[in-house]
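Input: a single structure, listed below in C-alpha cells.
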Amino acid sequence: MLIGRKEAIRSLEWDMQKEEPQFVAVYGRRRVGKTFLIRTFFKDQFAFYHTGLRKGSRVEQLTAFRDSLVASGYRDCPVLPNWMTAFRELLHLVEILPQGRKVLFIDELPWMDTPRCDLLMALDHFWNAWASARREKDVFLIICGSAASWIIRNVVRNTG
C-alpha cells in the first residue's frame, strides 16, 4: 500500500495518459520507497526492468544489463561490449515486443555510471535519437536512483 504518495501517483497517472513518449526521473534518499512506488504503480508490468549493481565494474554492469534483456524476452541477446551496444539492444527488444505502451524501468542508474564509460552518451542517444522520435510514441522510460545529486546534475539539468 502506498501512503503519502498522492502527488507522485497523480504525476505518474498524468504522464501515463499522455500519448507521447515519456522520460521520468525518480530520485531521493535511500530507503524512502522510490522503487516500491514505481513497482506498485506499474504492478510490475515492465517491458524491461533493470537494477544497476552497487560497486559493480563496467563489465559486471553490462553483463547484468544483458541478463535483464534476456529476462525481458530477448533470448539471443549478444554480449554487450559497451553502453552504446547495450542501448541499441534495448531498442531491438522494444521493437520486437507486442504493440502497446512499453514501460522501461532502470533502477539505480547512477551505480551503472562507472569511470570512463559511455553510459550517459548512450542513454542520451537512445532517448533523443530513437525513443522520443519513435512513430508509435509508446516508450515510457523511468530512471531511478538514490544518488539524487548525480541524477539532477547528469539527467534533469542536462542541456543535451
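Tabulated data
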item	result
Within-11-Å neighbourhood charge of L120 [Cβ basis; K, R +1; D, E -1]	-2
Stretch gain in nm, segment A133-E13, where the contour uses 0.36 nm per residue and the Cα spacing is subtracted	41.0 nm
Heavy atoms of R58: accessible area, 1.4 Å probe, square angstrom to 10	90
Surface accessible to a 1.4 Å probe, K6 within the full protein complex, Å²	150
Charge dipole (debye, nearest 20) of the chain; +1 at Cβ of Lys and Arg, -1 at Cβ of Asp and Glu	560
Positive minus negative residues near I96 (Lys, Arg vs Asp, Glu; Cβ under 12 Å)	-1
Debye log10 I(q)/I(0) at q = 0.18, 0.24, 0.28, 0.31 Å⁻¹ for the stretch 62-107, Cα point scatterers	-0.49, -0.86, -1.14, -1.34
Karplus 3J(HN,Hα) series, Hz, for the stretch 108-115 with 6.51 cos²θ - 1.76 cosθ + 1.60 (x for Gly, Pro)	6, 3, x, 5, 7, 8, 7, x
Dipole of the stretch 17-130, positive direction: furthest Cα of F65, P78, L53, with charges on the beta-carbon	L53
Accessible area (Å², per residue) of the chain, counting only protein heavy atoms and a probe of 1.4 Å	57
Distance between modelled label sites at E95 and V156, nm, 7 Å Cα→Cβ extension	3.4
Viscosity 1.306 mPa s, temperature 10 °C, Stokes-Einstein D of the stretch 28-119 from Kirkwood C-alpha radius, µm²/s	114
Theoretical gain in end-to-end length, R29 to Q45 [0.36 nm per residue, Cα-Cα removed]	3.3 nm
The stretch 42-99 - charge dipole about Cα centre, Lys and Arg +1 at Cβ, Asp and Glu -1, debye rounded to 20	220
The stretch 86-129: translational diffusion in µm²/s, Stokes-Einstein, Kirkwood Rh over Cα pairs, 10 °C, 1.306 mPa s	134
Radius 12 Å from Cβ of A8, net charge of other residues (Lys, Arg +1; Asp, Glu -1)	+1
Viscosity 0.890 mPa s, 25 °C: Kirkwood-radius Stokes-Einstein D of the stretch 1-156 over Cα pairs, µm²/s	154
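The values are calculated or read from the model by the stated rules, or taken from the named source; none is laboratory data. These numbers were taken from a predicted model, which means no experiment stands behind them. Reconstructed Cβ throughout: ideal geometry from the backbone, glycine too, with neighbour counts over all protein chains shown. Protein only, heavy atoms only, side chains kept; ligands, DNA and RNA dropped before computing areas. Shrake-Rupley method; radii C 1.70, N 1.55, O 1.52, S 1.80 Å.
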